[in-house]
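The values are calculated or read from the model by the stated rules, or taken from the named source; none is laboratory data. For clarity, every value in this text was computed on a predicted model and none was experimentally measured. Cβ atoms come from the backbone with ideal geometry, glycine included; neighbour counts cover every protein chain shown. The accessibility values were calculated without ligands, DNA or RNA, using every heavy atom of the protein model including side chains. Shrake-Rupley method; radii C 1.70, N 1.55, O 1.52, S 1.80 Å.
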Amino acid sequence: MTRPRPHIDRIASAWLIKRFVDSDARFAFADAADAPKKGIPFDILGAEFGHQGEDCTFETLLKRFGLRDRRLQAIAEIVHEADLHDGKFARAEAAGIDLAVRGLATTIHEDHELLDRGMAVFDGLYSALKKP
């Protein structure tokens with residue numbers, strides 16, 4: 001369960017959950033007050049699976065589930081920079097991924113479709129980060 005109109009951290013986190021934590025996961029959208037009543041909330045203020053300290057939700061999930069894949073760590077840095085814009089990670093890919101997701105959000109008005117199409121972007125990113 002997450003907020004409507006998913007963007008970079010929510011899309012990436014849903015992708016991470018679906019691909020590496022629970023392939024049967026299903027996602028729904030609710031406002032922050034209703035989310036805990038309807039499912040397991042993520043990327044919602046105060047949620048266990050949300051921003052923790054300096055970490056974005058994607059980073060929190062990586063740590064929480066003990067995922068140590070090199071490509072996932074690179075994606076965590078990209079998502080962090082695209083979401084928080086704090087300069088912690090110098091990842092050139094952050095601007096491109098952020099722009100791609102923003103572009104999807106301007107053309108796709110249904111949240112589930114936006115999530116699905118955004119997750120495909122992360123499938124591609126994960127594949128592109130493979131060592132040659």
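Could you grab me the full set of residues in segment 104-125 that are surrounded by 11 or more Cβ atoms within 10 Å (Cβ to Cβ) and over 13 Å from the mean Cα position of the chain (by Cα)?
Result: Leu104, Ala105, Ile108, Asp111, His112, Glu113, Gly124.
Among residues belonging to segment 1-39 that are under 15 Å from the mean Cα position of the chain (by Cα) and farther than 22 Å from Leu104 by Cα, point out the one that is surrounded by the most Cβ atoms within 10 Å (Cβ to Cβ). If you could, list the steps in order and put the result at the bottom.
Of segment 1-39, the ones under 15 Å from the mean Cα position of the chain (by Cα) are 1-22, 25-29.
Within this subset, residues satisfying the condition of being farther than 22 Å from Leu104 by Cα are 20-22, 25.
On the way: Phe20: 15, Val21: 13, Asp22: 11, Ala25: 12.
Among them, the one singled out is Phe20.
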Here the residues within segment 4-46 that are touching a residue at least 40 places away in the same chain (Cβ under 8 Å) and among the basic types (Lys, Arg) are Arg5, Arg10, Lys18, Arg19
Does at least one position in segment 80-102 carry a residue that is open to solvent by 80 Å² or more (accessible area, probe 1.4 Å), over 12 Å from the mean Cα position of the chain (by Cα) and closer than 18 Å to Pro4 by Cα? yes
By residue number, the members of segment 40-89 that are of a type in the set (Gly, Ala, Ser) and under 17 Å from Leu125 (Cα atoms) are Ala74, Ala76, Ala82
